[in-house]
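Visitor: First the structure, then my questions, so here it is.
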Amino acid sequence: MNVVAVINYKGGVGKTTVTANLAAELAWQGKRVLLIDTDAQASLTFSFVKPDVWDSTYKDTKTIKSWFDAISGGAEPPSLEDFVITPREANLRLRKNGGKIDLICSHLGLINVDLELATLLGGVNLNQTKRNYIKVHGKLREAIQALKEKDNYDIILIDCPPNFNIVTKNAIVASENILIPAKPDYLSTLGIDYLQRSVKELVKEYNEYAALDPNGEQISPDILGVVFTMIQITSGAPIRAQQQFISQTKRLDVPTFKNYFRENKTIFASAPQELVPVVLNRFPDGTYSNVVEEIENFVEEFDQSLLGL
């Protein structure tokens, strides 16, 4: 089972679109996919679940916030399995393929969880503080390891918020790989180098503290690469202004995916309302079918990256 964190410091770069369609295409290929939405905006959640259904059925007890609330309350959190739902509409498209998409919903109140978790980081001395750091930042990793032992999923995708708070750090610590969606413009690509440095610093700090525990595990998440989104195509290639930022990103010595998500507000904006990712709509021809083909090509490249090819 691979665990992949999907993150960018900048919001509005198509992170949720990438995560939803990556999950859908992998499931179309027959894989069992678990999505964990840790972004308080809950855009991924509302791409698979209607807000009124979330409000009436899942909000109070069936979100990742409820899971983190147990930790901030000083209790051992329940199994992640207790919070998993299976979105109906998307999975109806997968009946003949054997794949499956499960989801752990987010919550708009997740933004407050970070403050509550921060109160658990103190200690009577430095060593105790370091042990508490590992305990708090490693909880999601521990819970996902329990899922791995049951072999429920082929891949877990964690949609992260556009920041580097304790919830985000839990996602990074829990992951083997990191995927960075980015719009090729100044602000969206500006934070990529900073994100790389933040990840390296987190890994160094976590591993240093984990070494104090005889049972502590070292972490080493790899950055799979940057996938560019909202690409504007002219003459079969990204427009010149975007090519400039694509080239600039490549000079940061970070892997970049050859395939991308093109700009198409019509189909990408309407997909969440239908609760079915674009790639599961097999358009017969034209621009829409090209969009789907490009997503399929990206997922193939993503699979190869996971295998180290």
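The values are calculated or read from the model by the stated rules, or taken from the named source; none is laboratory data. Quantities reported herein were computed from a predicted structural model and do not represent experimental measurements. Because the Cβ atoms are built from the backbone with ideal geometry, glycine has one as well, and the counts that use them run over all protein chains shown.
Visitor: Given the conditions (1) over 13 Å from the mean Cα position of the chain (by Cα); (2) within 17 Å of F257 (Cα to Cα); (3) of a type outside the set (S, T, Y), and given that D154 satisfies all but one, which numbered condition is not satisfied?
Guide: (2)
Visitor: Hey, does the range 212-232 have a residue that's at positive phi and buried (at least 21 other Cβ atoms within 10 Å of the Cβ)? Spell out the reasoning first.
Guide: Residues of the range 212-232 at positive phi: 225, 230.
Now restrict to residues that are buried (at least 21 other Cβ atoms within 10 Å of the Cβ): 230.
Checking the range 212-232: at least one residue is at positive phi and buried (at least 21 other Cβ atoms within 10 Å of the Cβ).
Visitor: Can you give me the number of residues within the range 168-184 that are under 12 Å from the mean Cα position of the chain (by Cα), over 12 Å from Y9 (Cα atoms) and among the β-branched types (V, I, T)?
Guide: Total satisfying the criteria: 2.
Visitor: If you don't mind, there's one more thing I want to ask. Tally up the residues in the range 146-169 that are within 14 Å of V6 (Cβ to Cβ) and in contact with a strand residue (DSSP E or B) (Cβ under 9 Å, 6 or more places away or on another chain), please.
Guide: Residues meeting the conditions: 7.
Visitor: Additional query: State which residue is modelled with the highest pLDDT when the search covers only the range 98-111 and only residues that are in a loop (DSSP other than H, G, I, E, B) and farther than 15 Å from T38 by Cβ. Talk me through it step by step, then tell me what you get.
Guide: Here is the first cut: in the range 98-111, the ones in a loop (DSSP other than H, G, I, E, B) are 98-99, 106-107.
Right, trim to farther than 15 Å from T38 by Cβ and you get 98-99.
On the way: G98: 83, G99: 94.
Step by step, filter the range 98-111, then rank; the result is G99.
Visitor: Residue check, T61 against (1) assigned to a loop (DSSP other than H, G, I, E, B); (2) surrounded by 19 or more Cβ atoms within 10 Å (Cβ to Cβ); (3) among the β-branched types (V, I, T), all met but one. Which one?
Guide: (2)
Visitor: I want to confirm something. Restricting to the range 112-138 and keeping residues that are part of a helix (DSSP H, G or I) and free of Cβ contacts under 8 Å to residues at least 40 places away in the same chain, which single residue is nearest to E76 (Cα to Cα)? Please lay out each step first, then the result.
Guide: First, the residues of the range 112-138 that are part of a helix (DSSP H, G or I): 112-118, 126-137.
Now restrict to residues that are free of Cβ contacts under 8 Å to residues at least 40 places away in the same chain: 112, 115, 126, 128-129, 132, 135.
Values: N112: 19, L115: 18, L126: 23, Q128: 19, T129: 19, N132: 14, K135: 11 Å.
Filtering first and then ranking leaves K135.
Visitor: Return a yes/no flag: does the range 48-58 have any residue that is more than 22 Å from E274 (Cβ to Cβ), in a helix (DSSP H, G or I) and not acidic (D, E). Talk me through it step by step, then tell me what you get.
Guide: In the first step, residues of the range 48-58 are kept if they are more than 22 Å from E274 (Cβ to Cβ); the result is none.
Among the residues of the range 48-58, not one is more than 22 Å from E274 (Cβ to Cβ), in a helix (DSSP H, G or I) and not acidic (D, E), which makes the answer no.
Visitor: Of the residues P272, P214, P238, P255, which is at pLDDT below 95 and under 17 Å from V4 (Cβ atoms)?
Guide: Details: P272 fails: under 17 Å from V4 (Cβ atoms); P214 fails: under 17 Å from V4 (Cβ atoms); P238 fails: under 17 Å from V4 (Cβ atoms).
The conditions single out P255.
Visitor: Next question. If I ask for residues that are out of contact with any helix residue (DSSP H, G or I) (no Cβ under 8 Å at 6 or more places or on another chain) and among the hydroxyl-bearing types (S, T, Y), which ones from the range 152-173 would you list? Please lay out each step first, then the result.
Guide: The initial filter retains those residues of the range 152-173 that are out of contact with any helix residue (DSSP H, G or I) (no Cβ under 8 Å at 6 or more places or on another chain), namely 163, 168.
The one that is out of contact with any helix residue (DSSP H, G or I) (no Cβ under 8 Å at 6 or more places or on another chain) and among the hydroxyl-bearing types (S, T, Y): T168.
Visitor: While we're here: Would you check which residues across the range 1-34 are closer than 22 Å to V291 by Cα, of a type in the set (K, R) and in contact with a Gly (Cβ under 9 Å, 6 or more places away or on another chain) and list them?
Guide: Within the range 1-34, K31 is the sole residue that qualifies.
Visitor: Which pairs have Cβ atoms under 8 Å, sit 6 or more apart or on different chains, and link a residue in the range 84-99 that is surrounded by fewer than 18 Cβ atoms within 10 Å (Cβ to Cβ) to one that is in a loop (DSSP other than H, G, I, E, B) and small (G, A, S)?
Guide: Pairs that qualify, where the first residue is surrounded by fewer than 18 Cβ atoms within 10 Å (Cβ to Cβ) and the partner is in a loop (DSSP other than H, G, I, E, B) and small (G, A, S), are N97/G30; G98/G30.
Visitor: Taking the conditions exactly as written (buried (at least 21 other Cβ atoms within 10 Å of the Cβ) and either of a type in the set (D, E, K, R) or more than 20 Å from Q243 (Cβ to Cβ) (or both)), does P161 satisfy them or not? I'd like the intermediate steps shown before the answer.
Guide: Working: buried (at least 21 other Cβ atoms within 10 Å of the Cβ): yes; either of a type in the set (D, E, K, R) or more than 20 Å from Q243 (Cβ to Cβ) (or both): yes.
For P161, the condition - buried (at least 21 other Cβ atoms within 10 Å of the Cβ) and either of a type in the set (D, E, K, R) or more than 20 Å from Q243 (Cβ to Cβ) (or both) - is met.
Visitor: Have a look at R141, R197 and point out the one that is surrounded by 14 or more Cβ atoms within 10 Å (Cβ to Cβ), under 23 Å from S305 (Cα atoms) and at pLDDT 90 or above. Reasoning before the result, please.
Guide: Details: R197 fails: surrounded by 14 or more Cβ atoms within 10 Å (Cβ to Cβ).
After applying the criteria, what remains is R141.
To keep it simple, each residue is scored yes or no on (1) modelled with pLDDT under 95; (2) in contact with a strand residue (DSSP E or B) (Cβ under 7 Å, 6 or more places away or on another chain); (3) closer than 21 Å to T57 by Cβ; (4) part of a strand (DSSP E or B).
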site	(1), (2), (3), (4)
V4	no, yes, no, yes
Y9	yes, no, no, no
G12	yes, no, no, no
V18	no, yes, no, no
N21	no, no, no, no
A24	no, yes, no, no
V33	no, yes, no, yes
I36	no, yes, yes, yes
S43	no, no, yes, no
